[in-house]
Amino acid sequence: MIATGDVDRLLVHVNVVGLEPTEVTRGWPHIGAIICDAALQRQARYQSTVRPRVEKLIAIWPDADTLSGFRERMASEDLSSVLDWRGQQKLHVIDLLTETFHAAGIQTVTDLASILADDERGRAFRNALRRIRFVDPKTVAYIAVLAGSSQYTAVDVHIRRFVRDAGIEYWKDYDRVSELVAAAAKYGCSTGALDAAIWDYMSASSGASRR
């Protein structure tokens with residue numbers, strides 16, 4: 001349970017720095033882009049390293065907007081060349097995410113959003129994702145964000161630091177920070193809108209855009 005005082009501290013900090021959360025859908029209308037973005041973002045500079053590669057993938061593999069199209073492209077072409085990525089660890093995560101999506105019957109971004117919004121199927125799918133090595137709770141939440149959900153916050157270094165700057169002692173605790181942002185968002189915007197506003201502000205302030 002998040003204390004009202006902690007919510008108040010966070011909201012005061014939001015006002016002090018002048019954040020104005022707006023309801024904007026984030027993500028990609030392209031399954032291959034979501035999978036690659038989710039796999040590459042961990043401990044990477046997003047704006048300079050991840051986003052350009054995802055945009056390139058969409059341009060070169062437009063038919064990978066469905067899972068079957070993405071799998072067909074991966075079977076016939078070299079994804080590492082398309083992404084200009086040589087690190088085998090994250091390429092392996094892409095393979096495992098793709099097969100997990102396939103096992104869940106996901107074909108489109110709409111399918112992904114539908115499963116994540118369903119309590120029972122969403123829980124099973126999130127558990128399956130968590131069984132993939134290097135897929136942590138933040139990555140699972142981030143996949144939901146990329147599918148257009150406004151109900152998740154992907155707690156990363158930017159969100160943690162903002163919470164720390166607000167004077168919250170448990171800023172390193174993923175679950176409590178996630179609950180805090182969700183609780184604060186109830187006072188005027190969605191969780192996703194507050195998450196995006198904080199992330200954009202901290203990313204611009206730090207000059208080191210890590211997801």
*When both residues are 6+ apart or on different chains and their Cβ atoms are under 7 Å apart, which pairs have a first residue that lies in segment 113-136 and is surrounded by 14 or more Cβ atoms within 10 Å (Cβ to Cβ), and a second that is among the hydroxyl-bearing types (S, T, Y)?*
A113/S149; L116/S149; A128/T100; L129/T100; I132/T100
*Please go through segment 132-142 and pick out each residue that is among the β-branched types (V, I, T) and assigned to a helix (DSSP H, G or I).*
T139, V140
*Number of positions in segment 9-35 that are over 30 Å from T100 (Cβ atoms) and either touching a helix residue (DSSP H, G or I) at 6+ places or on another chain (Cβ under 7 Å) or assigned to a loop (DSSP other than H, G, I, E, B) (or both)*: 9
*Could you pull out every one of the helices (runs of 4 or more DSSP H) wholly within segment 36-131 that has 2 or more residues that are under 26 Å from V157 (Cβ atoms)?*
51-60, 88-103, 109-117, 119-130
*In segment 40-72, what residues are of a type in the set (G, A, S), more than 16 Å from the chain's Cα centre (by Cα) and surrounded by 14 or more Cβ atoms within 10 Å (Cβ to Cβ)?*
A64, G69
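None of the figures in this text is laboratory data; all of them are computed from the coordinates on show. No experiment lies behind these values; they were computed from the predicted model shown. Ideal geometry is used to build each Cβ from the backbone, glycine not excepted, and the neighbour counts take in all protein chains shown.
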